[in-house]
Amino acid sequence: MPLLIVPLAILMLLALWLLLLPLSLWQRYRFGKARRKARPWLVRLNSWLLLISAGLLLAVMALTSVWWPNALGYTAAGLGIGLVTGVVGLWLSRFEATSSGLYYTPNVWLVLLLTLLVSARIVMGFVEIWRYWQGNESLAMIPVLDHASLFAVAGVLIGYYLSYTWGLRRRLPARGG
């Protein structure tokens with residue numbers, strides 16, 4: 001009887017995660033389009049940490065290419081698309097300079113597009129699991145949607161936030177809290 005508790009607990013956690021996943025994506029969308037204050041120290045820290053993250057992502061994907069042949073290529077392509085999307089995101093964002101600091105509001109449609117991209121990749125992961133469980137050796141229905149496409153989505157997101165944060169950093173006053 002005690003041995004059944006562990007698998008049951010794992011199943012309960014998995015069910016809870018599946019139930020809360022749509023809520024977490026909705027919250028991500030809501031907070032992603034909200035008006036925010038650009039705190040200079042946080043923007044500067046975030047810009048450098050994202051640069052390190054992008055470098056680490058590319059280094060790890062170079063190693064991962066041993067197991068997933070397209071991992072580095074997809075990640076680099078995703079990173080490039082994300083960098084361009086971040087510049088577009090900056091161009092579409094609304095900025096307000098007030099006496100209390102710089103405020104910005106990201107574009108609603110771009111935030112929705114990025115949230116839908118993450119949602120689509122999660123759904124594709126479930127489709128891959130289902131096809132694998134059915135015994136289908138060819139997991140990717142479309143060649144672009146193979147396992148390495150997960151890394152492309154990661155590249156898009158990191159690239160977007162990297163260029164958006166560096167662009168936001170350029171808009172900050174020369175020095176400030």
Hey, among Leu25, Leu110, Leu50, Leu102, which residue is within 15 Å of the chain's Cα centre (by Cα), in the same structural domain as Ile122 (by TED's automatic domain parsing) and in contact (Cβ under 8 Å) with a residue 40 or more places away in the chain? Leu50
Among what's in the range 54-99 and is over 18 Å from the mean Cα position of the chain (by Cα) and among the hydroxyl-bearing types (Ser, Thr, Tyr), pick the residue that is nearest to Lys33 (Cα to Cα). Ser93
So which of Pro2, Pro106 is of a type outside the set (Lys, Arg) and under 18 Å from Val118 (Cα atoms)? Pro106
Evaluate the following for Trp41: is it touching a residue at least 60 places away in the same chain (Cβ under 8 Å), assigned to a helix (DSSP H, G or I) and of a type in the set (Phe, Trp, Tyr)? yes
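The values are calculated or read from the model by the stated rules, or taken from the named source; none is laboratory data. This structure is a prediction, so every number in the text was calculated from the model and none was measured. Don't worry about glycine lacking a Cβ; one is built from the backbone with ideal geometry, like all the others, and counts go over all protein chains shown.
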